[in-house]
Amino acid sequence: ILLIAGIVASWVTYVASLWFNHAQSIHNQIIQGIKRSEFIPFYQPIVDSRNQKVIGAEVLMRWQRQDGSLMPPNQFIPYAEANGLIVHMTKGLLGHVFNDVKQLASKRDALFFSVNIVPEHLDNDDLYQMLKGVVESGELQQHSISLEITERLPIKDLVAARKMLDKFYAIGIDLKLDDAGTGYGGFSYVQHLGISTLKIDKMFVDTIGRQDNFNTKTIEAIISFAQKSNLNMIAEGVEDDKQVAYLSEQGVYFIQGYVYSKPLPAKQFFH
Ligand code: C2E
Ligand code: CA
Ligand code: CA
Ligand code: CA
């Protein structure tokens, strides 16, 4: 028994140390990455299905490592969100976005660029000051920045968050609710935060056109809630024409998904 206990104990210590070293190294690597400006935007077009025009894009972070590899967000965002690093990464990301947008020809239609934020971004006015500076500089020309906040993460103080958000609204930056229907705040975020748009999660879009007719009731409920609340809608993760047709029948015209385009590097999006 002692032997087994000993083996178990050393195994536990070993696994714990592996985990600790891993956490240490990803932490330091992210800090290096911030210094080197390695967190770059990809842009996924959001399209009006009635005329196939691009009306904006979601800004999706990628980690461009020095060896040239590109790391997808699921490998570093959860850690960065849990450790406050994401706030610094978003700053760097926005620097890239402003540069990219500046280079757009002025005769193009106005586009919005939707940036993912976490509740921590609303704890102080750093992000607001940064965006205010850029908005007032006129560098964005006719284009605009929009924020999206996920329902996955709790907001501790909705009243304080709303106060900060009102400052963004005053300079023409609106807020979209990401992953609507999947998470925490539920529709209390809509009531408290002055949300302009619901992003209908892929989880619900996936239920469209399934043979077993699995739970399209939920997406119908979300759509009718949005309509009654006068919210705009963007459907996310839309992969085929059947889904586009169904959504269009329901009055959802703004589409983000592989059916139109995957997230693109700046060079391709701003061709
Ligand atoms: P999200 O905000 O829900 O972003 C949408 C994700 O769905 C993106 O994954 C996008 O590539 C993917 N997607 C869009 N259309 C389709 C489709 O038709 N089919 C499929 N299979 N997937 C589709 P991505 O880029 O890997 O990002 C994953 C998540 O990482 C995001 O989910 C978001 O939660 C997080 N993330 C990305 N960039 C940032 C960021 O700058 N800040 C923060 N806080 N989170 C970010
Ligand atoms: Ca998002
Ligand atoms: Ca989303
Ligand atoms: Ca999602």
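The values are calculated or read from the model by the stated rules, or taken from the named source; none is laboratory data. In this text the structure is predicted, and so the values were computed from the model without any measurement. Every residue, glycine among them, receives a Cβ derived from its backbone with ideal geometry; neighbour counts consider all protein chains shown. The protein model used for the area step is the full one, side chains on, heavy atoms only, and it has no ligands, DNA or RNA in it. Shrake-Rupley method; radii C 1.70, N 1.55, O 1.52, S 1.80 Å.
Each residue of segment 10-16 in turn: what ³J(HN,Hα) in whole Hz from Karplus with 6.51, -1.76, 1.60 and θ = phi - 60°, glycine and Pro shown as x?
6, 5, 4, 4, 4, 4, 4
Could you list which residues have their amide H under 5 Å from that of ARG62, counting only those 5 or more apart in sequence or on another chain, with H placed in the peptide plane?
ILE40, PHE42
Translational D (Stokes-Einstein, µm²/s) of segment 1-100 at 4 °C and 1.567 mPa s when Rh comes from the Kirkwood sum over C-alpha pairs?
Numbers: Rh = 16.3 Å.
Answer from the Stokes-Einstein relation: 80 µm²/s.
Please state, to two decimals, what the Cα-based radius of gyration of segment 104-196 comes to when divided by 2.2 N^0.38 Å (N = residues).
In units of the globular-protein estimate, segment 104-196 measures up at 1.12.
Just name one of MET61, ALA105, GLY33: the one whose Cα is farthest towards the positive end of the charge dipole of the chain (beta-carbon charges, Lys/Arg +1, Asp/Glu -1).
ALA105
Provide the percentage of antiparallel DSSP beta bridges, counting only those with both residues in the chain; round to the nearest 5.
Bridges in the chain that DSSP calls antiparallel: roughly 40 percent.
Can you say what percent of the DSSP beta bridges in segment 57-197, counting only those with both residues inside, are antiparallel? Round to 5.
10
In Å², what does the accessible area per residue of segment 104-143 work out to with a 1.4 Å probe?
Accessible area per residue: 48 Å².
Take the Cα gyration tensor of segment 45-177, multiply each eigenvalue by 5, square-root it, and list the three semi-axes largest first, rounded to whole angstrom.
Numbers: eigenvalues 108, 85, 47 Å².
Three semi-axes, in Å: 23, 21, 15.
Order the following by accessible area, largest value first: ARG152, ARG62, ARG50. Probe radius 1.4 Å; ligands, DNA and RNA are ignored.
ARG50, ARG152, ARG62
For segment 63-70, what does the Karplus curve 6.51 cos²θ - 1.76 cosθ + 1.60, with θ = phi - 60°, yield as ³J(HN,Hα) per residue in whole Hz, taken in order and with x for Gly and Pro?
The phi angles translate into 9, 8, 7, 5, 7, x, 6, 10 Hz.
Quick one: how many lysine pairs does segment 181-271 have with C-alpha atoms less than 30 Å apart and a gap of 8 or more or different chains? Give me the count, please.
For segment 181-271, qualifying lysine pairs total 15.
Going by accessible area, probe 1.4 Å, with all protein chains left in place, what is the ranking of HIS192, HIS143, largest first?
Listed by decreasing accessible area, they come as HIS192, HIS143.
Whose amide H sits under 5 Å from the amide H of LEU264, counting only residues 5 or more places off or on another chain, with H placed in the peptide plane?
Under 5 Å from the amide H of LEU264 lie the amide H atoms of TYR43, GLN44, each far enough along the sequence or on another chain.
So, for segment 191-267, what is the accessible surface per residue at a probe of 1.4 Å, expressed in square angstrom?
Here the per-residue accessible area is 52 Å².
How many percent of the accessible area of segment 19-161 is carbon or sulfur, using a 1.4 Å probe?
51
Give me the angle, in degrees from 0 to 90, between the Cα long axis of helix 216-228 and the longest principal axis of the Cα atoms of the chain, rounded to the nearest 10.
60
In vacuum, with every alpha carbon of the chain counted as one equal point scatterer, what does the Debye formula give for log10 I(q)/I(0) at q = 0.10, 0.11, 0.12, 0.15 Å⁻¹? Two decimals, please.
-0.58, -0.69, -0.80, -1.18
What residues have an amide H closer than 5 Å to that of THR150, excluding those fewer than 5 places away on the same chain, when H is modeled at 1.01 Å from N in the peptide plane?
Sorted by chain and number, the residues that satisfy this are ILE117, ASP178.
Each residue of segment 145-153 in order: what ³J(HN,Hα) in whole Hz does its phi give by Karplus 6.51 cos²θ - 1.76 cosθ + 1.60, θ = phi - 60°, with x for Gly and Pro?
So the Karplus estimates, Gly and Pro as x, are 9, 10, 10, 10, 10, 7, 7, 5, 10 Hz.
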